[in-house]
Amino acid sequence: MKVKIKQWNAVSVWQWDVPNDEVCGICRVPFDGVCPVCKYPGDDCPLIIGKCAHSFHLHCLLKWLETETSKGLCPMCRQPFETADDAQQQQQVEETQRLHHHHRRTSEV
Amino acid sequence: MSYQRRIMKELERLKTAPPNSHITLVEANDLETWQIDLEVNNDNPLYTGKTFRLQFIIGPNYPVESPQVQFMPLPARPIPIHPHIYSNGHICLDILGDEWTPVQTVASVCISLQSMLGSNDRDERPPDDERYIKHAPKNPKQTRFVYHDDTV
């Protein structure tokens with residue numbers, strides 16, 4: 001029997017790379033759902049992951065960080081909130097500086 | 001009130017599954033003002049056998065901003081005697097002010113208050129009680145409490 005495919009629809013699912021049962025600690029909505037101001041999950045309502053490994057909806061966290069009471073701290077652990085990216089970047093900058101420094105030192109000799 | 005869904009969830013949970021049997025939601029006619037009965041969950045002689053009434057006012061920016069929380073005097077609902085609780089029901093507790101974070105909930109505040117009472121052995125009001133209640137604002141959040149004593 002020969003089958004000829006005339007038409008097909010691609011269907012896919014996605015989810016954020018966080019444990020399934022986790023909710024945003026600020027709005028208490030699952031991470032795969034949206035923050036209270038957004039309509040569509042995904043790129044429109046992204047997550048932010050801190051260096052401290054705590055995640056929130058970006059929009060929820062920003063609302064908190066805008067307040068004076070937040071003092072820039074993570075709502076979970078009260079450490080200064082830094083994104084994992086910031087930390088990585090900082091490391092890269094330090095690495096480059098070290099290399100640069102090393103390079104200068106060797107060229108001076 | 002953008003966090004309405006979270007507030008509704010909290011209310012539902014407090015109704016159906018409160019953190020312990022000494023925390024009872026009495027009334028929440030709207031999503032804004034909640035009345036909760038609180039008892040200690042240990043045998044602290046200062047408070048056993050007594051029930052206290054807490055009032056939470058959930059503002060439009062909750063949970064980014066802390067709720068307004070105080071004890072309410074009612075017949076059979078005294079204001080607990082505690083060195084951080086004023087006789088008008090205002091409470092000097094850091095997590096209700098400077099140390100608030102939005103991962104806290106009405107239930108977690110109740111638990112904190114329960115342990116604040118449960119661990120207290122001083123049968124006294126704050127030293128500045130008389131002066132404070134004379135001029136206290138209606139909303140305790142407008143008071144700049146100084147959290148000077150962490151031993152209680």
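The values are calculated or read from the model by the stated rules, or taken from the named source; none is laboratory data. Fair warning: this is a prediction, and the values are worked out from it, not measured in the lab. Methodologically, a virtual Cβ is constructed for each residue, glycine included, from the backbone with ideal geometry; neighbour enumeration extends over all protein chains shown. Quick note on the areas: whole protein, heavy atoms, side chains included, nothing else; ligands and nucleic acids left out. Shrake-Rupley method; radii C 1.70, N 1.55, O 1.52, S 1.80 Å.
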| task | Output the number of residues of the range B:54-63 satisfying the condition of being open to solvent by less than 10 Å² (accessible area, probe 1.4 Å) and over 13 Å from the mean Cα position of the chain (by Cα). | result | 2
| request: Please state which one of B:Pro78, B:Pro73, B:Pro18 is exposed (fewer than 15 other Cβ atoms within 10 Å of the Cβ), at pLDDT 95 or above and away from chain A (no Cβ under 14 Å). | output: B:Pro73
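If you go through the range B:107-120 one residue at a time, do you hit one that is within 14 Å of chain A (Cβ to nearest Cβ) and modelled with pLDDT under 95?
Taking every residue of the range B:107-120 in turn, none turns out to be within 14 Å of chain A (Cβ to nearest Cβ) and modelled with pLDDT under 95.
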| request: Give just the number: which of (1) surrounded by 17 or more Cβ atoms within 10 Å (Cβ to Cβ); (2) in contact (Cβ under 8 Å) with a residue 40 or more places away in the chain; (3) out of contact with any strand residue (DSSP E or B) (no Cβ under 9 Å at 6 or more places or on another chain) does B:Ile95 not satisfy? | output: (2)
| Residue check, B:Val69 aliphatic (A, V, I, L, M) and either touching a Ser or Thr at 6+ places or on another chain (Cβ under 6 Å) or without any contact (Cβ under 8 Å) to a residue 60 or more places away in the chain (or both) | no
| query | List pairs: first in the range B:72-88 and free of Cβ contacts under 8 Å to residues at least 24 places away in the same chain, second open to solvent by 70 Å² or more (accessible area, probe 1.4 Å) and part of a loop (DSSP other than H, G, I, E, B), Cβ under 8 Å, 6+ apart or cross-chain? | reply | none
| message | Anything in the range A:51-78 that is open to solvent by 60 Å² or more (accessible area, probe 1.4 Å) and either among the basic types (Lys, Arg) or assigned to a loop (DSSP other than H, G, I, E, B) (or both)? List them, or say none. | response | A:Lys51, A:Ala53, A:Lys63, A:Glu66, A:Glu68, A:Lys71, A:Met76, A:Arg78
| request: Might you let me know whether the range B:35-53 holds any residue that is closer than 30 Å to A:Cys35 by Cα and surrounded by fewer than 20 Cβ atoms within 10 Å (Cβ to Cβ)? | output: yes
| task | Kindly check whether there is at least one residue in the range A:43-50 that is assigned to a loop (DSSP other than H, G, I, E, B), of a type in the set (D, E, K, R) and either in contact with an Asp or Glu (Cβ under 9 Å, 6 or more places away or on another chain) or at the interface with chain B (Cβ under 10 Å from one of its Cβ atoms) (or both). | result | no
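Being surrounded by fewer than 19 Cβ atoms within 10 Å (Cβ to Cβ), among the hydroxyl-bearing types (Ser, Thr, Tyr) and without any contact (Cβ under 8 Å) to a residue 40 or more places away in the chain is the requirement here; does B:Ser115 meet it?
yes
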| Pair list, Cβ under 7 Å, 6 or more apart: the range A:10-26 residue within 16 Å of A:Pro41 (Cα to Cα), other residue surrounded by 11 or more Cβ atoms within 10 Å (Cβ to Cβ) and among the acidic types (Asp, Glu) | A:Gln15/A:Asp32; A:Trp16/A:Asp32
| Could you list, in sequence order, the residues of the range A:38-52 that are closer than 9 Å to A:Thr83 by Cα and within 10 Å of the chain's Cα centre (by Cα)? | A:Ile48, A:Ile49, A:Gly50, A:Lys51
| remark: Sole miss for B:Leu96 among (1) away from chain A (no Cβ under 14 Å); (2) touching a Ser or Thr at 6+ places or on another chain (Cβ under 6 Å); (3) within 24 Å of B:Arg131 (Cβ to Cβ) is condition (1)
